[in-house]
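Colleague: Starting off with a structure, shown below.
The values are calculated or read from the model by the stated rules, or taken from the named source; none is laboratory data. Every value quoted in this text rests on a predicted model; they were computed, and no experiment measured them. All Cβ positions, glycine included, derive from the backbone under ideal geometry; neighbour counts span all protein chains shown. The protein model used for the area step is the full one, side chains on, heavy atoms only, and it has no ligands, DNA or RNA in it. Shrake-Rupley method; radii C 1.70, N 1.55, O 1.52, S 1.80 Å.
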Amino acid sequence: MGTMARSPLGLVLLFTLCSATALASYSYVESGEGGRSGSGRPYHFGEESFRHWSRSRQGRFRVLERFTHELLEDAVGNYRVAELEAAPRAFLQPSHYDADEVMFVKEGEGVVVLLARGKRESFCVKEGDVLVIPAGAVVYSANTQQNKWFRVVMLLNPVSTKGRFEEFFPIGGESPESFFSVFSDDVLQAAFNTRREEWEQVFEKQSKGEITTASEEQIRQLSKSCSRSGRHGGGESIWDIKPSSLTGKKPSHSNNHGKHYEITGDDCPQLRALDIEVGLANISRGSMMAPSYSTHANKVAIVLEGNGYFEMACPHLSSSSGRSSPRRREREHGSREWGREEEEEEREGEQKSRGYKQVRSRIREGSVIVIPAGHPVTLVAGDDKNLAVLCFGVNAENDEKVFLAGSNGLLRQMDEQAKALAFGAEKEKVDRVIGAQSDAVFLRGPSSRRVASE
């Protein structure tokens, strides 16, 4: 036994075991502000969770990993988050997704052209705009700026395979490849009424990649026909698409500690058709958003700028660390019949879920957070700059934002007898505690309060 412990193989095995244990612990416990710890996973995703689909000097397109964890899959498992960055005068090759797309222009200006429903529509988009692109629409776009990048954040809702989407290029070469290239000669010749050789000279000559650079004159010509409203023929329908300015609207909430903007299905019929809403919270440095929850919408939040942290109360994690239980893992590997045991486990889980676990993690530009409906959450901005967070709310119909603290806190609406029965404290003390905050929605943050009290 002693000899094995001193052998190189034994040391390697011991090191491997310790490393694996440390990594497992790290993935579920992240350091919070002020030295406190909390688990950010499976609700928090950092930069390392993105994968590049395309990357060059002209730009990049990257996609967040799927929401496959058991606590997320039912709520947002069919949705994907992606980010596009295009250099000045970059041109993006025509393509279509098998997914509906809601895009938000994070930075810069550009032209987006849609080929759909038998027509071409060209849109001028700028920072703060929201645009819905239906699945199957062929899209090409360009950064119209000479010295500024064009950055877009998007939420995609795949229509073919749950949680998975693909990009299809009609025109290409080696990279990207044209999807037409896999069709037989007979089919292509009949479809285009031309010889295969001539077809190849047109469709397979593009060799500069998915993102290329246009000349100033080409950008000028592309921008000529773009507008803010598109060109519609006949009466309007839900797919008469046009950009909507999120930050150009009057804020739904505003004070010295922050502003909140939102676009709902009432403002944009395309969002209503997808049952999605879009919101933007700009929290002043050192401030926070009051603890709140959404009644119906599951939120996918992306940090656009700044840093800070979030905290959320999670009943699901009160009885587990986010990993599957041994019993669940055995079922997943087909080693046990689960009928009655499933019911027993669910009953045990329901009893244990009376408690809550704090989900907490630092966040910064590029972080993604999933906030399930009904889960109380708060966002706190760092002390050095404002924290801007974009939220896509899915299952948004009939959703309401419920604030739990502040001058609009819901607990203030309780009648006197209910307060006496629920709190078990003197009425004067209850009223003093739940009525002390005079601000609403955006409040002075923990660090600001510490400085003010010193």
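Colleague: Within region 103-118, restricting attention to residues that are out of contact with any Ser or Thr (no Cβ under 7 Å at 6 or more places or on another chain) and under 29 Å from Phe180 (Cβ atoms), which residue is surrounded by the most Cβ atoms within 10 Å (Cβ to Cβ)?
Modeller: So, considering only residues that are out of contact with any Ser or Thr (no Cβ under 7 Å at 6 or more places or on another chain) and under 29 Å from Phe180 (Cβ atoms), the one surrounded by the most Cβ atoms within 10 Å (Cβ to Cβ) is Met103.
Colleague: While we're here: Would you be able to tell me the number of residues in region 289-301 that are open to solvent by 30 Å² or more (accessible area, probe 1.4 Å) and not in a loop (DSSP other than H, G, I, E, B)?
Modeller: Final tally of qualifying residues: 1.
Colleague: Looking only at strands (runs of 3 or more DSSP E) that lie completely in region 356-454, which have at least 3 residues being buried (at least 17 other Cβ atoms within 10 Å of the Cβ)?
Modeller: It comes to 357-364, 368-371, 377-381, 387-394, 442-444.
Colleague: Within region 43-63, count every residue that is farther than 16 Å from Ser361 by Cβ, assigned to a strand (DSSP E or B) and either open to solvent by 10 Å² or more (accessible area, probe 1.4 Å) or not hydrophobic (A, V, I, L, M, F, W, C) (or both).
Modeller: Of the residues in that region, 11 qualify.
Colleague: Follow-up. Take the residues of region 254-264 that are touching a residue at least 40 places away in the same chain (Cβ under 8 Å) and open to solvent by less than 70 Å² (accessible area, probe 1.4 Å): which is nearest to Ile283 (Cα to Cα)?
Modeller: Within region 254-264, the match that is nearest to Ile283 (Cα to Cα) is Gly258.
Colleague: When the residues of region 302-313 are narrowed to those that are surrounded by 23 or more Cβ atoms within 10 Å (Cβ to Cβ) and in contact with a Phe, Trp or Tyr (Cβ under 9 Å, 6 or more places away or on another chain), which ends up farthest from Ile369 (Cα to Cα)?
Modeller: Once the filter is applied, the top-ranked residue is Met312.
Colleague: Among residues belonging to region 270-279 that are surrounded by fewer than 23 Cβ atoms within 10 Å (Cβ to Cβ) and not acidic (Asp, Glu), point out the one that is nearest to the chain's Cα centre (by Cα).
Modeller: Top of the filtered list is Gly279.
Colleague: Identify the single condition in (1) at pLDDT 60 or above; (2) open to solvent by less than 30 Å² (accessible area, probe 1.4 Å) that Asp267 does not satisfy, given that it satisfies every other one.
Modeller: (2)
Colleague: Scanning for something surrounded by fewer than 16 Cβ atoms within 10 Å (Cβ to Cβ) and within 22 Å of the chain's Cα centre (by Cα), does region 208-231 turn up at least one residue?
Modeller: No.
Colleague: Mind listing whichever residues of region 64-99 are among the small types (Gly, Ala, Ser) and not in a strand (DSSP E or B)?
Modeller: Across region 64-99, the qualifying residues are Ala75, Gly77, Ala87.
Colleague: Here is a further query. Might you let me know whether region 128-149 holds any residue that is surrounded by fewer than 20 Cβ atoms within 10 Å (Cβ to Cβ), within 20 Å of the chain's Cα centre (by Cα) and part of a strand (DSSP E or B)?
Modeller: no
Colleague: Of the conditions (1) crowded, with 20+ Cβ neighbours inside 10 Å; (2) at pLDDT 95 or above; (3) more than 23 Å from the chain's Cα centre (by Cα); (4) not basic (Lys, Arg), Glu121 clears all except one; give me its number.
Modeller: Single failed check for Glu121: (2).
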